[in-house]
Amino acid sequence: MGEMRDTAIARRALLALAVGVVIGGWPAEPTGARAHAERKPKTKPKRQQVRTIVLDPGHGGADPGAISPRGIREKTIALATARELARQLKASGRYRAVLTRQRDVFVPLRERVARARRHRAELFLSIHADALPDAAMRGLSVYTLSEQASDRETAALAIRENKDDFVAGIKLSRQPPVIGAILFDMARRQTNNQSLALARSIVDELGRAVTLLDKPRRSAGFAVLTAPDIPSALVELGCLSNREEERLLPRPAYQRRLSQALVRAIDDFFAGAVPA
Ligand SMILES: [Zn+2]
């Protein structure tokens, strides 16, 4: 029995080592430095850092996004809800919230991603509202970057930005091209998995608070989700094409309810409560 347990522990240690090499073993974070940090006296409690969340209200300016039958514009719903979510995130004391646009202005999609990376966001959430051809359809849905789009878009992004691009703390241009490509791909895959975990957290928590669309977890080639090193998701808060949600989405009380559930989903994501 003891021997079996030893073998199991050894196997687990090996597995942890292998996973550590894949997930955490970046050259930017050498194990020696980590071991040294752990020997330091515990003056500060762990995990007290304030995390940066970038919220991206969809559309804006000349681009209204979807327009409801009664003329309610997606860009307005997105900005109002993002502001409320930012307020709640800040109030929690656990997060710093940055908006990609503060006002009714047009911001190009690439610039939204660039702003998130400049702020070293740990999470990127793009906020939208849908309009579907079938007015009976309603509910919230969450998009992550599709695998195909991920391959194509992030490869293109890598080529464009490689010169001075940092991914997961690694300066790619300082690596031999083959190593840089491998490290980039590993970072991107890890980010994709985290984005999927984020989408699951959102569906779990929002499903308890509001109506979800059929098959609420979806993927598509959204340019705004292509940061290779920031877990990213796009939330369609509801359907402006549906009479009931056209009525609900502009209401501050409904925006507060959506935001409360989104804060819980973000908490769950960082707590690792949802298995990847
Ligand atoms: Zn939109």
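Bear in mind that the values in this text are calculations on the coordinates, not laboratory data. It should be emphasised that the depicted structure is a prediction, and the values quoted were computed from it without experimental measurement. Note that each Cβ is placed from the backbone with ideal geometry, even for glycine, and that neighbours are counted across all protein chains shown.
What residues from the range 112-137 fall in the zone where the backbone N is under 16 Å from a label point 7 Å along the Cα-to-C-beta line of Asp63?
What the label zone holds, given the 16 Å backbone N cut-off, is 112-116, 125-131.
Once you sort the root eigenvalues of the Cα gyration tensor of the range 68-133 as a ≥ b ≥ c, which label holds: rounded (a/c under 1.5), prolate (a/b larger than b/c) or oblate (the other case)?
Numbers: a/c = 2.32, a/b = 1.48, b/c = 1.57.
Verdict is oblate for the range 68-133.
Can you tell me the FRET efficiency between Ala271 and Glu111 if r is taken as the Cβ-Cβ distance and R0 is 41 Å, rounded to the nearest 0.05?
Computed FRET efficiency for Ala271 and Glu111: 0.85.
Decide, for the range 213-276, between rounded, prolate and oblate: order the square roots of the alpha carbon gyration tensor eigenvalues as a ≥ b ≥ c, take rounded if a/c falls under 1.5, and otherwise choose prolate if a/b is larger than b/c, else oblate.
oblate
Give me a comma-separated list of calculated 3J(HN,Hα) values for the range 114-130, in order, Karplus coefficients 6.51, -1.76, 1.60 applied at θ = phi - 60°, integers in Hz, x for any Gly or Pro.
Computed from phi, the couplings for the range 114-130 are 4, 5, 4, 6, 4, 7, 6, 4, 9, 7, 10, 10, 8, 10, 9, 9, 8 Hz.
For Arg96, what residues show an amide H to amide H distance below 5 Å, using hydrogens built from the backbone and excluding near sequence neighbours?
Result for Arg96 returns Arg51, Thr52, Ile53.
On a full-extension model of 0.36 nm per residue, what is the gain between Arg103 and Arg174, subtracting their alpha-carbon distance, rounded to one decimal in nm?
Working: separation 71, 0.36 × 71 = 25.56 nm, distance 3.87 nm.
Length difference between fully extended and current span is 21.7 nm.
Under a point spin-label approximation (7 Å from Cα along Cα-to-Cβ), what is the Asp134-Arg251 distance to one decimal in nm?
2.5 nm
Can you list residues from other chains, or at least 5 along the same chain, whose modelled amide H is less than 5 Å from the amide H of Ser146?
Ala220, Gly221, Phe222
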